[in-house]
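Single-structure report; data block below.
Bear in mind that the values in this text are calculations on the coordinates, not laboratory data. Model, not experiment: these values are computed from the prediction. Here the Cβ positions follow ideal geometry from the backbone for every residue, glycine too, while neighbour counts run over all protein chains shown.
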Amino acid sequence: MSKRVLITGGAGFLGSHLCDRMIEAGNEVICLDNYFTGRRRNVSHLLDHPNFELVRHDVVEPIRLEVDRIYNLACPASPVHYQYDSISTMKTSVMGALNMLGLARRTKARVLQASTSEVYGDPLVHPQREDYWGHVNPIGIRSCYDEGKRCAETLFMDYHRQHGVEVRLMRIFNTYGPRMNAEDGRVVSNFIVQALRGEAITIYGDGSQTRSFCYCDDNIEGMIRLMEGEHLGPINIGNPNEFTMLELAEEVIDLTGSASKIEHLPLPQDDPKQRQPDISLAKEALDWEPKMQLREGLKKTISYFEEDLRRA
Ligand code: NAD
Ligand code: UDP
């Protein structure tokens with residue numbers, strides 16, 4: 001049945017893919033964004049669709065709408081952007097969560113929070129399961145994001161316990177794909193854009209730190225299954241195949257055929273050394289697992305950036 005779906009951060013990378021899926025499924029979509037890291041261009045193909053509405057709004061401010069589902073994705077996700085105005089980042093996570101939970105309570109909507117593997121911090125347990133409480137620095141340069149997202153999780157569970165709000169918590173591990181911003185600063189887009197421009201590939205530290213990269217379509221499938229399923233979460237959604245940043249750089253150089261050289265820059269403070277999701281719960285509760293292998297996903301993302309850089 002068609003639903004009224006609010007997607008905060010809907011003009012961003014993941015939000016815009018979710019808008020596509022929600023429109024394809026016949027829903028009415030309100031895409032809300034303040035364009036801090038998102039762009040109208042990500043959803044410009046939907047602007048004339050009768051079921052699509054784009055609203056410029058900051059989730060830090062309350063909003064009155066009538067909806068059935070709320071996907072709360074509004075928050076800068078790249079360390080470069082979330083550290084640019086760290087106080088704003090914390091406000092977005094905490095006040096954004098409060099405003100969306102208030103809206104969900106009033107309208108009896110179900111609300112999903114885009115949480116993150118960053119709630120595990122620089123993890124001492126590997127791979128990370130949902131019952132691991134994490135190893136997070138509360139006063140470092142990543143804390144505005146990590147602690148903001150942790151606080152949002154707390155608020156979600158408290159609104160559920162105290163007011164019976166139907167909540168869903170999704171812990172997203174590094175996700176990449178078309179419509180990332182070329183200037184986003186995250187590793188996959190950085191490496192691809194640098195390789196395509198023939199610039200040095202910037203590896204922070206010695207490149208032995210690991211991440212596990214999930215393709216956007218897999219992520220969105222997991223997100224929708226979580227929203228429409230019975231399990232509240234938190235549930236890890238990510239691809240368990242783990243790579244070092246050096247391996248990622250080599251793969252990107254190979255696929256682009258670039259002559260770019262690798263340049264090592266200092267490792268930022270509190271940069272997690274390793275990260276890999278344990279996705280047993282997602283498999284069991286959502287019958288979900290990622291399908292796209294890194295090499296194939298990188299090819300699609302490279303094609304997108306080739307076109308994107310030509311347009312710029
Ligand atoms: P993104 O930066 O492309 O998208 C975030 C969107 O939120 C942007 O469109 C931005 O303009 C908007 N936004 C930011 N602050 C806002 C505010 N105060 N009010 C309204 N809109 C605001 O990043 P993304 O990768 O699409 O991430 C989407 C969500 O998923 C974020 O909440 C992020 O923390 C979470 N997440 C993403 C990843 C990933 O690897 N992509 C990993 C973990 C968690
Ligand atoms: N990184 C890198 N070069 C870059 C950007 C990032 O080596 O140009 C590293 C970064 O230090 C981290 C990993 O890549 O170890 C992933 O960084 P990203 O910002 O994508 O996400 P994170 O998982 O750290 O939030």
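With a ≥ b ≥ c taken as the square roots of the eigenvalues of the C-alpha gyration tensor of region 116-170, please select rounded if a/c is under 1.5 and otherwise prolate if a/b is larger than b/c or oblate if it is not?
Note, shape of region 116-170 comes out oblate.
When a/c is below 1.5 the answer is rounded, else prolate if a/b is larger than b/c, else oblate, so apply that to region 129-198 with a ≥ b ≥ c taken from the square roots of the Cα gyration tensor eigenvalues.
Prolate, since a/c reaches 1.5 and a/b exceeds b/c.
Arrange the following residues from fewest to most other Cβ atoms within 10 Å of their Cβ: Met1, Met100.
Least to most surrounded, the residues fall as Met1, Met100.
Does anyone have the angle between helix 13-24 and the longest principal axis of the chain? Alpha-carbon axes, 0 to 90°, nearest 10?
50
List the relative contact order of the chain as a percent without decimals, with contacts defined as Cα pairs under 8 Å and 6+ residues apart.
So the answer I get is 17 percent.
Toward the positive end of the charge dipole of the chain, about the Cα centre and with charges on Cβ (Lys, Arg +1; Asp, Glu -1), which of Val80, Gln276, Gly102 goes farthest?
Farthest towards the positive pole: Gly102.
If you average the alpha carbon positions of region 233-249 and of region 101-142, how far apart do those two centres end up, in angstrom?
17
With the Cα gyration tensor of the chain giving a ≥ b ≥ c as the square roots of its eigenvalues, does the rule (a/c under 1.5 for rounded; else a/b larger than b/c for prolate; else oblate) give rounded, prolate or oblate?
Here the chain falls in the prolate category.
Stick to the Cα atoms of region 238-312, pair each with every other, and give me the Kirkwood hydrodynamic radius in Å at one decimal.
15.2
If I fit a long axis through the Cα atoms of helix 86-107 and take the longest principal axis of the Cα atoms of the chain, what angle between them do I get, 0 to 90°, rounded to 10?
The angle comes out near 30 degrees.
Given the options Asn174, Asn99, Asn219, which has the most mean-square fluctuation in a GNM of the chain, springs set between C-alpha atoms less than 10 angstrom apart?
Asn99
With everything on Cα atoms, drop me the angle between helix 294-311 and the longest principal axis of the chain, reported from 0 to 90° to the nearest 10.
Tilt relative to the chain: about 90 degrees.
How do Tyr204, Tyr82 line up, fewest other C-beta atoms within 10 Å first?
Placing the least packed residue first, the sequence is Tyr204, Tyr82.
For the pair Ile87 and Glu166, what calculated FRET efficiency results from E = 1/(1 + (r/R0)^6), where r is the Cβ-Cβ distance and R0 = 41 Å, to the nearest 0.05?
0.85
Go through 111-118, 83-90, 33-40 and give me the packing order, highest mean Cβ count within 10 Å leading.
111-118, 33-40, 83-90
Report, in debye and to the nearest 20, how large the dipole of region 170-312 comes out about its Cα centre when Lys and Arg carry +1 and Asp and Glu carry -1 on their Cβ.
Using only the charged Cβ atoms, the result is roughly 260 debye.
Work from the charge dipole of region 186-307 (Cβ charges, +1 for Lys and Arg, -1 for Asp and Glu, about the Cα centre) and give the residue of Ala285, Ile235, Gln194 farthest towards its positive end.
Gln194
Rounded to whole Å, give me the distance from the Cα center of region 189-229 to that of region 1-75.
Centre-to-centre (Cα) distance: 22 Å.
Taking Cα pairs under 8 Å and at least six residues apart, what relative contact order does region 74-169 come out at, in percent?
37
Under a GNM of the chain (C-alpha, springs under 10 Å), which listed residue has the highest mean-square fluctuation: Asp68, Asp254, Asp217?
Answer for the Gaussian network model of the chain: Asp254.
With a sphere of radius 10 Å drawn around the Cβ of Thr210, what net charge do the other residues whose Cβ falls strictly inside it have (Lys, Arg +1; Asp, Glu -1)?
Around Thr210, the charge tally is +1.
Let me know the charge dipole size of region 47-120 about its Cα centre in debye, to the nearest 20, where only the beta-carbon of Lys, Arg (+1) and Asp, Glu (-1) is charged.
Roughly 360 debye for region 47-120.
If contacts are Cα pairs under 8 angstrom and at least 6 residues apart, what is the relative contact order of region 165-238 in percent?
That works out to 54 percent.
Among the trypsin sites (Lys or Arg not before Pro) in region 78-134, which ones are in a DSSP loop with at most 12 other Cβ atoms within 10 Å of the Cβ? Mind listing them?
Sites meeting the loop and neighbour criteria: Lys108.
Could you give the size of the charge dipole of the chain about its Cα centre, using +1 on the Cβ of each K and R and -1 on the Cβ of each D and E, expressed in debye and rounded to the nearest 20?
Computed charge dipole of the chain: roughly 740 debye.
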